[in-house]
Every structure is written in structure tokens, then in C-alpha cells.
1. Can you give the relative contact order of segment A:1-148 as a percent, counting alpha carbon pairs under 8 Å and 6+ residues apart?
2. Round to a whole angstrom and tell me the spacing of the C-alpha centers of segment B:76-111 and segment B:313-332.
3. Over all distinct alpha-carbon pairs, what is the Kirkwood Rh of segment B:141-191 in angstrom?
4. Using a 1.4 Å probe on the protein heavy atoms, what percent of the accessible area of segment B:116-261 belongs to carbon and sulfur?
5. Rounding to the nearest 10 and keeping the result within 0 to 90°, find how far the Cα-based axis of helix A:263-281 lies from the longest principal axis of chain A.
6. Estimate for me the total accessible surface buried between chains A and B (protein heavy atoms, probe 1.4 Å, no ligands or nucleic acids), in Å² to the nearest 100.
7. Inside 10 Å of the C-beta atoms of B:644-650, what's the mean count of C-beta atoms belonging to other chains?
8. How many angstrom lie between the C-alpha centres of segment A:242-272 and segment B:479-500?
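The values are calculated or read from the model by the stated rules, or taken from the named source; none is laboratory data. Small disclaimer: the values here were computed from a predicted structure and weren't measured. Every residue, glycine among them, receives a Cβ derived from its backbone with ideal geometry; neighbour counts consider all protein chains shown. Surface accessibility is based on the protein's heavy atoms, side chains included, excluding ligands, DNA and RNA. Shrake-Rupley method; radii C 1.70, N 1.55, O 1.52, S 1.80 Å.
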Amino acid sequence: MIPSAFDYAAPTTVAEALGVLADAGDDVKVLAGGQSLIPVMKLRLADPAMVVDLGRIGELSGVRDDGDALLIGAMTTHHQIATDPLIVEHVPLLAQAAATVADPQVRHRGTFGGALVHADPAGDMPAPVLAADATFILAGPNGERRVAAADFFQGYFTTAVDDGEILTHIRVPKYTGWGSHYEKFTRVAQQWSIVAVAAMVRVEGGTIAEARIGLTNMASTPLRATAVEQALAGAPLTAEAIATASAHAAEGSDPASDLNGDAAYRRHLAEVLTKRAVIAAAGL
Amino acid sequence: MTITEVGRARLRKEDAHLITGRSRYTDNMTLPGMLHLAMVRSPFAHAKITSIDTSAAKSSPGVVTVLTGADVAAEQGSLPNVWPVTAEQKAPAFPSIAVDEVAFAGEVVACIVARSAAAARDAVELVDVSYDELPVVLDLEEAFTDKVLAHSNLDSNLSATWVFDSGEAGTGKPIAEALANAEVLIERTFYQQRLIPAFMEPRSIVVDPTSEQITMWSSTQIPHILRLILALTLGLPESKLRVIAPDVGGGFGGKLTVIPEEFITLMAARRVGKPCKYTETRSESLQSGHHGRAQVQKVKLAATKDGIVTGLDIQLLADMGAYLGIIGSGVPILGAFMYNAIYKFPAYRLECNNLFTNKAWTGAYRGAGRPEATFAIERLMDELAVELGMDPLEVRKKNWINNEEFPFTTVTGLEYDSGNYEAATAKAVELFGYDELRAEQVRRREANDPVQLGIGISTFTEMCGLAPSRVLGALSYAAGGWEHAQVRVLPTGNVEVVTGTSPHGQGHETAWSQLVADRLGVPFENIEVLHGDTQVSQRGLDTYGSRSLTVGGMAVLAAADKVIEKAKVLAAHLMEASEEDIEFTDGKFSVKGTDQSTAFGEVAFAAFSAHNLPEGFEPNLDSDATFDPQSFSFPHGTHLAAMEVDTETGQVTIRKYVCVDDVGVVVNPLIVEGQVHGGLAQGIAQALYEEAVHDDAGTLVTGSFVDYLVPGAPDLPHFTTARTETPSTTNQLGAKGVGEAGTIASTPAIVNGVLDAVRHLGVKDIKMPCTPSRVWAALEEAKTTGGVQ
């Protein structure tokens, strides 16, 4: 478990980090919390010539109120996401999902931005962020650019972040007053999601006015369960109506088969877990 | 003797240094000038090695040398198997470094010796090995057909066929008759998946060749056996080798082995003349340490319509992996004596076929043969109950050995000395709330609840106290089963206990101190237990098979008794009394009928000063004892599991787990409780979580803890543990052994519970581990076909 030799830089500002990246060439990796990068380097599945550690850039950490949204620093840890009062009040879905990531040690080291840029299909943070229509703020050699969540996740471990760019913040709209729930299915507690469902619903009287559903590990990227969202919009707030809508959960998905279950099982789980997530989010 | 220590739940002496990191694991060793090793391993499960180019690695910075199989061919010999189960047993040569053919993925093909661990690791990638791939055989039933051979120089994958037949042995009736006359015949095939011991501390070896005697530190369960085997295999004088097992972080049988890396590190250190260290990575530990279980069990159970079992016929296919490990061949044979379990079966036959495959070799894993046997019979007793429409507890009661029938000689010829299955079961049933849970089960079935409830039962026994040497001899095992101890009395009256057992988590330092404190009246704190170093503990057969207390503990008591006998002579002399008049209680020697007495410490000092000793008295009280058990001990118990199955997802949850274990007399209830908890976790892991999975090419897919799912505390329920205490009559303490009980008992309890929850929906069996996807698939299959095997 010894990585190949690499050069190491620990810049203290975003500008400095961008400069280091610009000079480093192609064979460089950005280190956030290191909960994914360090293991793959130790297994020599990755052997970058240079590692740029963002851990000393203070401006990348923390959660700020930004009017109709929250501005979350990419280096904010999962533990902070799970417990931050602004997040708990305005986008509790993020807190609920972050609380299920791995174990307490990983949650204190691993970062929100790191997990999003790593884009593991089984990771817990991408689906809630997609469901919440977050905006990704990237800093690069040509200044800042913004990418919608729908365009950010491009494939298996692949995102819109280009070489030389750094994810600095994630802007998440407030969903104050919405009900939410993250339903995660695993075999053991510290495991990656076999399938998970991120659900937010806005209830008006006895009706579901609006729903946002994100699916974890149902394709190479997180997915929106749009068919379920449409079926739920305006549906009565009953378990039966939710179950009927949830039957569409696997539409458009393309889950993998692995030791934890084949694609057919995952499609089935998506339906069951969507039903459970929406029922919990709606407070039924 | 006043008993104040035995039975007391003392905190363990060992824990303070272990939990504060002041530990001495092998990898903590750093010696002056020490070099580091890294292994180049085959990525292929079966291949010819056509060439190895080490030139780039040799010129890599920091590299001292690179060893290949060809470099050490003349000296490396073959890792031994010490348990030829039949006279005809076949075994391929097992070189530490493969010379021209590899037979499993992960086999060592070269070793880097470098000035740092990082330099060694870097050079691994520079060794250029060319392979010609050969076909692989991975599946046991396929291996039995010999269509593909695991070794190109063997003409069959069959290593040995071992048979026990109660008719032929004269211990019971012939099985053929029982099968032919069966009113009810249950036939099943059970699959014991391959498991990985997954001890917490990876294996590590340090060898110092720089003095007259070569010293090896190794993370092993068996320092004494290791020294002997290194000496015999490499042709070194045994007296020139010292083996130390310092703090060892778990073993579970996975370190009851000698490994290629121990030989390689020794050969490398001798060659370069400097201390060398090798510590495996977790990936290497999972891939190339030995694995356990891995059997196919084809079983037939004959019974009457009343539920009386009349015969049991077992055909085993046992996966040896690519090579025969030190005792891999004997592991299924340990189980062969346990299929009849707590029952009075009149006829029994077992045929065990040991087969080679292109996977890591197998060996002991917590329970070693006995969990497999217990699983099969406890699953079968449930199947019989289902077949007859009886309560599974009732079927067991009809067949078990009643308390008044002990001692009882079983159909395998073993004499069970004691047991009280009625008491353990009654206590478990009460703690569990058996009737209430059965009532709830009915309600849930009737309501078609998405979460169904099942009750799993396991009434198990096992044989511990390995082992009477004459029995091991009769089973063709190369060594004996005795254990040695020495009690050294220091001038102050403090005591050193030297034990031949080699603890790696069991708490011998605490338990042996408790034994000796009571026996000698010396305070617990004033006793030091020494172990795990062949220079300190000259004789021993180490720790495995729940043997340490029932064998090693008895040696400790016997040595302490010899100390008392010696000291009595001196005490009599000092008090000018007759030896016959000396009594020893609570650390004091007194003269009968007088108020004259002298303390143990005073006698100890008198022996040391030697100013005033009886004629011919050697000036010390130290004593040795070697204990060879005359029989095994047989712990037993009743485990009950309430299992919830979410029929929508296939998720299985343990709602309640009650176990009542009878391990005889208990020295330290806290240690026993810990052993039971850990054992349960490992048995539950086989039922629900763990499986070593290989792809079609023979590569281990579950090569990290991301995929090899070892359950953690959050995944396990609260365990309700209790005990009954039926003392063993085969040792003076009445202890039976507890290290493996939880593992052996819990696997069938869990699986029986899962099946009991879903059998009414048409599910007949689910392979272990019962993962959510397998449970769901079984439920889906049952919907369409009315049942799935």
C-alpha cells in the first residue's frame, strides 16, 4: 500500500492552485479529502506525477447564505454538510444523504466537492445535488464558469470539470419547507449504495404539488426519475398513489450488475426505494 | 484453596497496551540495517512461467537483490503438509517461489529485497514475467470430473478420498440398510462458500540472521510448529532458529499455517546477511493468505415417519485450492466426526474427496470442518421437521442424547463425556420467547406482511481440546496434541508462567494468571505470563481448535501443583515439621494442628537464598508439566435466531438472537462473552455477508473490503447470551473450550431462520451468503415455479 512517488503542492489560494495546475501539465491530480484518491494511489490504480492539495485553501470551506440559495465550499466535509444549520433548514436532503456516507472517519475527512468531482455512480452526494438542481462553480485559467447539475455528471467517474479547473463552490437553491428523505440500500453499514433514492416533495393540502427525485447507482451517472416526478405532480398524498408513481422509477435507467445484484434487481429496488423515500419525504 | 479468581470477570491484562497502541506487532519491529521485501505475484490462476527478466528491477534505486524461484530452487524445498489423510494422498510440490508453473492468482514468482519498503514496491513493477496461460479449474464439481487439471504434472485433481463407515468401523450399523429402509429420505446439496479469515493484523515477518542463532518474528498462531517446519524444510538445525510471535492481531486459523513468505524472508535474510522485513498489504492478505470452508456437501438423511433419524450419508467435495496447506487436507476430517452432532444416529457414512483447484490453498478457519458439519446437520433437522410437519425443536428432542445417557459413545466412536441439551434448550426457549414469536410468525403470514418472520434453530456441539496425541496419531497427523507449561517462582514470590500456547487475542495472560493465582495464592497482579517465543517457552504446540484452556491450562495447573509439592518439602524443613503435616491454603504453608505457618513468598526466598535447604533439595521451586488430554471436550448449546425478511427487497435482519452455551466451567466470564460475541459475528458473516468470489479466469473479485463484506458492529444485533454449566469430566477444571462455539452454532441458526420466514412462499433453499439479491431472486423464482433450490 505504498503509492508511486509524486510531487506535492499545497497552495493556499485558489489563484495559486490554478497556477500550480497550469504549470503541472497533464499528469496531475487534485486532492480534496483524499478518501477516494489516496486509496487508488496506494493500490497504484492511479499514479499521478503531481498532487495538488486543496486542504489549505480556507476560502473553499464552509456554507454561506446566498439569498435564494446556499453557497457551499467544495472542501466542506460530509460531516459539516450533515450538521450545518443552514443546510438542515433549507436543503435537509443534503444533510440526510451526507449522514449516510461511509463511516464517521470518512465523513470527517471526505469533502462534498471531492465526492462530486470523483462522481462515483454509487456515491451518495451526486443524486441529491442533481435532484436539487444545484449549480457548480468552476475556477479555471479563463476565469469562473457555471455548470448546471444536469450537465455536470457526464459519465462513469467523469464530470464537466476540465483539466486545469477546480470546483470551488456548489450553489444549491433553498427548498425551505419541502419534505425530503434519502433512502439508501446497502448490505453492511459502511458500504457504497447498492441503490439509493433522494426525494424532495412539496405538499399542498392533501396533494403532492411538486417532487424531485434523484437516483444513485442506477446508471454511470446519477439520474433524475423524471417519470416519477411527473406522475407525482398533482397526485393525492396517499401510499397507493405514491406506489403507482414509483413504478416508473427505473425508466431510462441503465444500472450495472455486480456482486450486490444484477440490473433487474436494481431496477426493482429503485421502485421499492422510491416509494419508501417519497412516503418518508411526504411524512406519510 | 480458596477460589477467588476462577469465575471472576476480570478485565484483560493485555488490553491496556493493545488499546493504547503500545503494542509489539511484528511490523513495529525495526532493526539496524533492516531491508524490506516486496513480492511479485502471478496475475494468472494457472500458467507456465516462460521467462523472468529481473534486470530492470535489480538496477532500480535502493534495490539490493531480486530472488526468483530458479534462484532458490536448490534450497527452498516444498511447504509441507503434515496431515496425509490417506496413505495414497497426492500433493503437488509447494515451492515458496514458483519455479516454472503457477497454480493460483497471487502466487509469488519473485521477491524484491530493497533498502526501503517503497523502493521494494516500486521495483515490483519492473520485473518482467512472461507467462503461457493454461486452462483453469475453479468449480469443485468440475474439478471432480478431471476435465481440466489444476496442475499440469498431476493426472487428477483428486488428492485423497477418505471414508468413514460406521458399519465397517463397528461403531454403528451399515448406511446402505438405513437408506434402503428409510420411511423418509431427505436429500440435499449444501454449498459452503469459500471464506477469507480476514484477521485484523496482516501477516508480517522479520528475520534477523546476524547472530549465531537466526531469529524470526512472525505474526503466527504457531511459533513452535513454525520453527520445526522451517528447520525440517530448509535443512537448518532447529537449535539455530528462534521464532517469536509477539503481539499477534487475530488469526482465526488463518495464521495456523506456514506461509511461503516466511520461507522467502528467511532465505532472503540469510542470503543478504541482513535483517529483512516483509509485511503484506491487505490486498495480498485477502488474495494469497489461505482461505477456509469451500465444500460441496451432498447429504442424505434417512428417518422414520415419527421423526427418528436412522442414518446419515455424506459425500463431500472439499476444495484444497492449488496446494495442500499444512493441515488443509485434515480440515474436512475434523468435521467428519461431528455430522452426527448431538444425536443418536445408528448409521453413518462420510466420504470426503479432497480436490485441487486453481485458487488459493485452504486451511483452518474458525471451527475448521465443524461449522460445515454443523450447518449440514442442523439444516437437515429443519428439513426433516418440515417434511414431517413437526416443530423443529421437537425433531431434535426426539433424536438427541438425553442427559442421563452420558457418557455416550457416538456413531463415529467418540465418547461424549457430558452434556445437558435439555437444560440449554429450555433456557434458550425461555429467553427467546419461542411461543410468542411463533404466534407472531403466524399472524404475519396470515396478514401477508411484507416483512416475514422466521425462527432459526441450531442445537450444536463440537469437539475441542485438540487433542489426545494417540487420536491424532490414529488420524495420521504428524504431531501430538499435548501442551507444556512451566511455573517459575521468583525470589520475591512473584511468579512467571511460561505457556506453550500462543495467544493472539484470546487473553491467556489474564486467564492463566487467574488459574495460578487461585492455585498458589499469589496475587493476580504478581503473575506474569510468558509466551510466543521459542527461547522462552521451549516446548509447545500453540493455539488453535479451542485447545488452549482445556490442554494448555491443564498443563499450567499441573506445573503449579508440582511447585506446591516442591515447596511443601522446603516448608516442612523450615518449620521443622513432617512433610505429611504440611497444609497449603491461600498462599500459606501451615503445620496441621498448630498455629505455625510460613508464607509462599518466604518459602520462595528460602529456595533462592539456599542457606537452609533439606538434603538434596535443588535451590528453586520451578516446575514443568506437559499435559496430554485423554479425550476431547464437547461444548454444546442452543442458539435461536428470529429473522426478519423484507420480501420487497430481500433484506434480512436479525431481530433477536439468543444463545445458551455450555462451555463447562468458566475461568473468566468476560473473556467467554467476548469469544461468543466474536464467534457469532463470524458465523453470521458466513450466513449473510462473506464470500470469496473469483471471476472465470480465477482472479479474486472480492479482493478488498469494499467487496469482501466483513460485518461491523452496526450490522449486528444485540446478542442475548447465557450459559448452562455442565462440567467436562475429561480435565480437572471441567472446562470445554469456547473459541469456536459461536461461529459453529450461528451459521445454521441464521439460515434456518431466513428459510423459515419464506418457506411458506415456496422458497426451498438459498445459497450462502443469503444476500438481499439472492433472497429476492429466490422469492421471485418461487412465484413462477413454486420453488427454487
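1. 21 percent
2. So the two Cα centres are separated by 15 Å.
3. 14.4 Å
4. Percent of accessible area from carbon and sulfur atoms in segment B:116-261: 51.
5. Between the helix axis and the principal axis of chain A, the angle is about 70 degrees.
6. 2100 Å²
7. So the per-residue partner count for this stretch is 3.
8. 63 Å
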